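Participant: The structure's right below; bear with me while I get my questions together.
The values are calculated or read from the model by the stated rules, or taken from the named source; none is laboratory data. If you're wondering where the values come from, they're calculated on a predicted model, not measured in any experiment. Every residue, glycine among them, receives a Cβ derived from its backbone with ideal geometry; neighbour counts consider all protein chains shown.
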Amino acid sequence: METVVAIVLLTFLAIVAVGIIVLRDLLAAVVLLGLYSLIAAGAFVVMDAVDVAFTEAAVGSGVSTILFLGALSFTKHEQKPRGNDSIIALIFVVITGGLLIYGTLDMPHYGRADSAAQTHPDLAVRFLEVSIDEVGMPNVVTSVLASYRGYDTLGETLVVFAAGVAVLSLLGLKRRRPEEEAPEDAPGDTPTIDPDDVQSQY
Amino acid sequence: MSQAIGLYSYWIVIVLMMAGLYIMISRYNLVKKIIGLGVFQTSIFYLYITMGKVDGGTAPILVEGKELVYSNPVPHVLILTAIVVGVATSAVALALIVRIYEAYDTIEEDELKAIEALEPDA
Amino acid sequence: MKLYPRQRHRVLQVVTKLVIPFVLMFGLYVQFHGDYGPGGGFQAGVLFASAFILHGLIFGLQQTRRVLSPGVLRVMMSLGVLLYAGTGALTLLMGGNLLDYDVLAHDPLHGQHWGIFAVELGVGITVTGVIVTLFYGFASKR
């Protein structure tokens, strides 16, 4: 039964990806990207990866969509209409896909317990058996992420910090954007004081 | 036929990967390229997670007292890091695109190349 | 009948005011129960940040900047990384390897518990700060 659910979700993913290729309106493509991340999160749950599904749903279809919409509000919403698509790119992509499919004919089938990923180099078996004695928490993914592989997580936190610093230095906190000068409050509301009007130093 | 079912997930991953690659190399709009990058990245995550699944297994959260088969937790850790790094990369790329639009008033790649060819920046 | 922008969003404003506390509470739950169920620092940071993003979308960015000012966000971004690296430096000072949590308490199991708690807290604080900063950068108007 799980296999049927996985197959159906994968087929949906492929259809949504084809939709993203074909669409010319960027706003619709961004919304389809959010849908793509959400279906992928569902597929991850079927694969027993609950932590990964949580992160993909929150980050991929939550934050990433907001960032794309924010970037689109500064630029145009539509691609420039073009003539034909380039046929060379299509041929290249089909040939690469064909070679990769030929390469997967030797791979272990889905779900086999004796495949190379499960038995070499015995890390998974060791973590699952020893983690409760050495670290003492039931969630093995957290114990591997924070304790056995804590140094990698430090690097990842630094990457996130660097991205925040980069966006701060590229965009700052005040941008120039054309807008209509319509009053925001109805006549009966108490007006909000705009703190950007007051002299403020960041 | 059983080989087709056993390998179906890998083939769909390849289809998704090639879709993302096609968007990245054939579309000229910069935001569309970053969307293609997102499609490509998520398909790679799926490839790793599907290699960690064991038939009849369950999520790798230990339950007291029962002898269960657990799926492999090591790819999950790798992909958690990869997802967060992916969104950081997309955020910086989008910030760069916003600045490019302010400087050149276009985000189509061929128009940018034409502008650069006319007046190469110092 | 002309509706001013703030009048159009009355229903959304009321519903958002009801929903935001639950989102914040769920974020805190995910942060501290990452040991026993799915969750941990990253997921909790993103959830916490999305509560502030929701506030910013519905009430306007000026109001959200008064709630969580950019100076506080900058301190949060750096504080999380400092907490993580500081835990590593503390384990070095107490005689173990870098990020070897066994030496943090009298007992290796308790040491691991405290080490992972501090580390996940650092990750959660940094991710919250960075994601709200990203939102401010992409949504600011003038």
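Participant: Only one of (1) within 14 Å of chain C (Cβ to nearest Cβ); (2) not in a helix (DSSP H, G or I) fails for residue A:83. Which number is that?
Facilitator: Evaluating residue A:83 over (1) within 14 Å of chain C (Cβ to nearest Cβ); (2) not in a helix (DSSP H, G or I) leaves (1) as the failure.
Participant: Also, I was wondering about something else. Since residue B:4 meets every condition but one in (1) buried (at least 18 other Cβ atoms within 10 Å of the Cβ); (2) not in a loop (DSSP other than H, G, I, E, B), which condition does it not meet?
Facilitator: Checking residue B:4 against (1) buried (at least 18 other Cβ atoms within 10 Å of the Cβ); (2) not in a loop (DSSP other than H, G, I, E, B), the one that fails is (1).
Participant: Another one. I need the full set of residues from the range A:51-75 which are over 30 Å from residue C:29 (Cβ atoms) and facing another protein chain (nearest Cβ under 7 Å), in order please.
Facilitator: Residues satisfying the conditions are A:71, A:72, A:74, A:75.
Participant: Within the range C:107-121, which residues are within 7 Å of another protein chain (Cβ to nearest Cβ) and under 14 Å from the mean Cα position of the chain (by Cα)?
Facilitator: C:119, C:120
Participant: Output the residue which, of all residues in the range A:89-110 that are surrounded by 15 or more Cβ atoms within 10 Å (Cβ to Cβ) and more than 7 Å from chain B (Cβ to nearest Cβ), is modelled with the highest pLDDT.
Facilitator: Checking each candidate, the answer is A:92.
Participant: Tell me yes or no: at least one residue of the range B:42-50 is closer than 24 Å to residue B:20 by Cβ and free of Cβ contacts under 8 Å to residues at least 24 places away in the same chain.
Facilitator: No, the range B:42-50 has no match at all.
Participant: For the list (1) assigned to a helix (DSSP H, G or I); (2) within 14 Å of chain C (Cβ to nearest Cβ); (3) not hydrophobic (A, V, I, L, M, F, W, C), I need the number of the one condition that residue A:48 fails.
Facilitator: (1)
Participant: Next up: Within the bounds of the range B:15-22, is there any residue that is over 19 Å from residue A:35 (Cα atoms) and surrounded by fewer than 19 Cβ atoms within 10 Å (Cβ to Cβ)?
Facilitator: No, there is no match, as no residue in the range B:15-22 is over 19 Å from residue A:35 (Cα atoms) and surrounded by fewer than 19 Cβ atoms within 10 Å (Cβ to Cβ).
Participant: Which residue out of C:57, C:61, C:104 is closer than 30 Å to residue C:9 by Cβ, more than 9 Å from every other protein chain (Cβ to nearest Cβ), surrounded by 16 or more Cβ atoms within 10 Å (Cβ to Cβ) and hydrophobic (A, V, I, L, M, F, W, C)?
Facilitator: C:61
Participant: Would you list the helices (runs of 4 or more DSSP H) that sit entirely within the range B:30-122 and hold 1 or more residues that are of a type outside the set (Phe, Trp, Tyr) and facing chain A (nearest Cβ under 7 Å)?
Facilitator: Per the criteria, B:30-51, B:74-104.
Participant: Residues that are within 9 Å of chain A (Cβ to nearest Cβ), surrounded by 21 or more Cβ atoms within 10 Å (Cβ to Cβ), without any contact (Cβ under 8 Å) to a residue 24 or more places away in the chain and under 30 Å from residue A:131 (Cα atoms): does the range C:33-42 have at least one?
Facilitator: Yes: one or more hits.
To keep it simple, each residue is scored yes or no on (1) without any contact (Cβ under 8 Å) to a residue 12 or more places away in the chain; (2) among the aromatic types (Phe, Trp, Tyr).
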| residue | (1), (2) |
| --- | --- |
| A:6 | no, no |
| A:12 | no, yes |
| A:28 | yes, no |
| A:34 | no, no |
| A:37 | no, no |
| A:76 | no, no |
| A:84 | yes, no |
| A:100 | yes, no |
| A:106 | yes, no |
